[in-house]
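Take a look at the structure set out below.
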Amino acid sequence: MRTHLVAGNWKMHTHPKEGLALVQEILSGLGKAESEVWVFPPATHLSLLAEPLAQSPVKLGAQNAASAAQGAYTGELSVSMLKACGAQGLLIGHSERRQLFGETGKVLNQKLERCLEEDLTPFLCVGETLEERESGNHMEVVRHQIEEATEGFDGEALQTLVIAYEPVWAIGTGQTASPFQAQEMHAFIRRVWAKKFGESAAEKIRILYGGSVKPENAAELFGQTDIDGGLIGGASLKAADFLQIVQANPHYDL
Ligand code: PEP
């Protein structure tokens with residue numbers, strides 16, 4: 001069975017001390033988590049959070065990294081630097097990176113390579129815009145994003161990869177995909193994965209839903225067959241909300 005996973009993407013919010021207080025609150029309310037839990041704070045917080053989180057079941061990730069391994073790239077941070085500061089995973093291709101910073105499939109493919117070289121868990125984010133959904137192109141868009149990002153890798157190399165399906169129109173808008181819309185896309189992504197990497201890899205890959213997940217809608221979304229958890233933006237900044245979402249694990253009682 002796939003382990004349920006809930007991850008918080010803090011985006012460019014909180015200062016380091018506020019981030020520390022937030023993880024302390026999360027840790028004190030977590031109890032016996034039946035899910036895998038990750039937080040993705042700003043890179044400036046990694047070293048500070050690495051120590052309290054090292055003694056805990058919560059894993060630490062980075063929101064972005066350079067596509068190059070090192071060199072004259074002023075202002076950039078390499079995957080190995082982030083790993084040295086405590087990152088165990090990396091978000092790749094969040095729609096804000098694609099849309100606001102022009103990240104292309106080719107660049108994301110390079111970031112994935114850097115991530116795998118350093119043994120970090122890649123979280124590949126995919127998702128269509130409203131226009132793409134309304135024109136009926138949403139599935140092809142997502143298929144193309146997966147194919148571009150994973151080009152040249154085999155299923156074995158991608159064993160640890162997690163996919164986050166985040167419809168762009170649902171991110172930070174309060175408008176959530178319906179459980180039907182989300183399940184339909186998640187099942188499609190699993191079929192795309194099966195075709196590329198085989199049935200067994202597709203059965204194992206975790207596909208998270210992201211886009212205005214809140215305590216009120218998490219259980220219904222997470223109850224869908226192909227939804228293995230969530231990538232949470234806004235609601236991950238309040239410990240109580242994030243914890244309620246973590247606890248909305250449909251396998252909790254099994
Ligand atoms: C995100 O940015 O990954 C996200 C899902 O944001 P929100 O939950 O705020 O829609």
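Brief remarks follow.
- Residue within the stretch 96-115 that is modelled with pLDDT of 95 or more, surrounded by 17 or more Cβ atoms within 10 Å (Cβ to Cβ) and part of a strand (DSSP E or B) present: no
- Residues located in the stretch 162-185, provided they are in contact with a helix residue (DSSP H, G or I) (Cβ under 8 Å, 6 or more places away or on another chain) and away from the ligand (no atom under 15 Å from the Cβ): 179
- Test: residue in the stretch 132-145 that is in contact (Cβ under 8 Å) with a residue 12 or more places away in the chain, in contact with a helix residue (DSSP H, G or I) (Cβ under 6 Å, 6 or more places away or on another chain), part of a loop (DSSP other than H, G, I, E, B) and not aromatic (Phe, Trp, Tyr): no
- Identity of the residue in the stretch 115-161, within 22 Å of residue 2 (Cα to Cα) and among the acidic types (Asp, Glu), that ends up nearest to the ligand (Cβ to nearest atom): 119
- Candidate set: the stretch 198-247, residues that are more than 14 Å from the ligand (Cβ to nearest atom) and in a loop (DSSP other than H, G, I, E, B); chosen: the one surrounded by the fewest Cβ atoms within 10 Å (Cβ to Cβ): 225
- In the stretch 112-139, the residues that are touching a strand residue (DSSP E or B) at 6+ places or on another chain (Cβ under 7 Å) and within 21 Å of residue 210 (Cα to Cα): 112, 120, 121, 122, 123, 124, 125, 126, 127
- Filter result for residue 177 (at pLDDT 95 or above and small (Gly, Ala, Ser)): no
- Options 11, 32: the member that is surrounded by 16 or more Cβ atoms within 10 Å (Cβ to Cβ) and among the charged types (D, E, K, R): 11
- Number of residues in the stretch 84-103 that are on the phi > 0 side of the Ramachandran plot and either touching a Leu at 6+ places or on another chain (Cβ under 7 Å) or touching a residue at least 12 places away in the same chain (Cβ under 8 Å) (or both): the value is 2.
- Residue match in the stretch 64-81 (condition: in contact with a Gly (Cβ under 8 Å, 6 or more places away or on another chain) and surrounded by 19 or more Cβ atoms within 10 Å (Cβ to Cβ)): no
- Residue 59 vs. criteria under 17 Å from residue 231 (Cβ atoms), of a type in the set (D, E, K, R) and modelled with pLDDT of 95 or more: yes
- The residues on offer are 87, 33, 50, and the sole one that is more than 22 Å from residue 229 (Cβ to Cβ), out of contact with any Phe, Trp or Tyr (no Cβ under 8 Å at 6 or more places or on another chain) and among the aliphatic types (A, V, I, L, M) is 50.
The values are calculated or read from the model by the stated rules, or taken from the named source; none is laboratory data. Bear in mind that the values here come from a model prediction, so they are computed numbers and not experimental data. Counting neighbours? That spans all protein chains shown, and the Cβs are built from the backbone with ideal geometry, glycine included.
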